[in-house]
Amino acid sequence: MQADDTQTSISLRNQISLYPKEGGAIVFVNDTGEYLQVNEIGRIILDGLMCGKTIEDCTNKIAEEYQADGQIIARDADRFLADMGKHVRL
């Protein structure tokens, strides 16, 4: 794990609380009190990043688990992170 991955992991753990539920998760943004709902793919990404995994680790897991094209998953993950970036610092 690289230093940037560790920083992202610590930063996310300080910024959000993740509550898994069927089909995804509820994300509580600690600073603003916002609640966000993410689907299962979003949950996998956020959970992975909070545990110190890279985005590449997360997208590889998703591509394997869902037997999906890795490039499409990576593109969608980038969009997801851009949307999450409106609520938290990534």
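Values as computed for the structure displayed
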quantity: Neighbour-count ranking [beta-carbon atoms within 10 angstrom, fewest first] of Thr59, Thr8, Thr32; calculated: Thr32, Thr8, Thr59
quantity: Range in the chain, longest, excluding exposed trypsin sites (Lys or Arg not before Pro) [loop by DSSP; at most 12 other beta-carbon atoms within 10 Å]; calculated: 1-85
quantity: Nearest-ten-degree value, helix 70-84 long axis tilted from longest Cα axis of the chain; calculated: 10 degrees
quantity: Net charge over other residues, Cβ less than 12 angstrom from the Cβ of Ala68 (K, R count +1; D, E count -1); calculated: -2
quantity: GNM top mover of Gln71, Gln15, Gln37 - the chain, alpha-carbon springs below 10 Å; calculated: Gln71
quantity: Spacing of the two label points (7 Å from each Cα toward its C-beta) at Ile72 and Asn60, in nm; calculated: 2.1 nm
quantity: Whichever lysines have a C-alpha closer than 19 Å to that of Lys53, once near sequence neighbours (fewer than 8 apart) are set aside; calculated: Lys61
quantity: Size of electric dipole in the chain: Cβ of Lys, Arg +1 and of Asp, Glu -1, about Cα centre, debye, nearest 20; calculated: 260 debye
quantity: Dipole of the chain, positive direction: furthest Cα of Val38, Gly70, Ile55, with charges on the beta-carbon; calculated: Val38
quantity: Most mobile of Glu34, Glu22, Glu56 in a GNM of the chain (Cα contacts under 10 Å); calculated: Glu22
quantity: Charge tally in the Cβ shell below 14 Å around Asn39, where Lys, Arg are +1 and Asp, Glu are -1, Asn39 excluded; calculated: -3
quantity: Relative counts (whole %) of C-alpha pair distances in the chain, using bins that are 5 Å wide; calculated: 3, 15, 25, 28, 19, 9, 2, 0
quantity: Net charge of neighbours whose Cβ lies under 15 Å from the Cβ of Ala25, counting Lys and Arg as +1 and Asp and Glu as -1; calculated: -2
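Any read-out appearing in this document is the output of simple, stated calculations on the displayed coordinates, not a laboratory observation. Quick caveat, the model's predicted, so the values are computed rather than measured. Positions of Cβ are backbone-derived with ideal geometry, glycine not excepted, and every protein chain shown enters the neighbour counts.
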